[in-house]
Structures are given as C-alpha cells and as structure tokens.
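Notes for the one structure printed next.
Laboratory data are not the source of any read-out in this text; all were calculated from the coordinates shown. Computed from a predicted structure; not experimentally measured. Neighbour counts are summed over all protein chains in view; Cβ atoms, including those assigned to glycine, are modelled from backbone coordinates with ideal geometry.
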Amino acid sequence: MLGMLGRLIALAGTVETVRRFAKNNPALVGKIVGQAGQLVDQLTKGRYTNQIGGAVRRVQGSAAGGSSE
C-alpha cells in the first residue's frame, strides 16, 4: 500500500512539472500535441479523427491559457 502511495506522490510531482512546462511553453506544447494527434490518427486509420481532433484542440486551448471545457 505504501508503494502505491509513493507512486501517486511521484505522479503528482510529474504532473505539476508538465503543467509548469506547458504554461511556460504553450507554442511548443501545441506543436507537440498536434504532431501526437496526427500520429494517433494515422495509427487508428482515421477511425477516431473527430475525437482526436477535439482532444488536441482542448489541450492546445488549455496550454495557450484558454479554457479546456
């Protein structure tokens, strides 16, 4: 049980680091997320294009300081 708690704490620290990076580098995050979305769309052969596009837009909007909802 303590091992799981330790992993959760480490994950929380990682998430905070990623949030700070995204806040300080929104253009780079937007570019990377767009590329990742294109890759996933190719790998899924376009079956989830709308869902992937929506997720990419939400992340890019959030990284740019907009609302993610």
Ranked output for segments 9-15, 52-58 by mean other Cβ atoms within 10 Å, highest leading, reads 52-58, 9-15
Checked against the structure, the computed volume of the Cα convex hull per residue in Å³ among (i) 87; (ii) 113; (iii) 97 is the one labelled (ii)
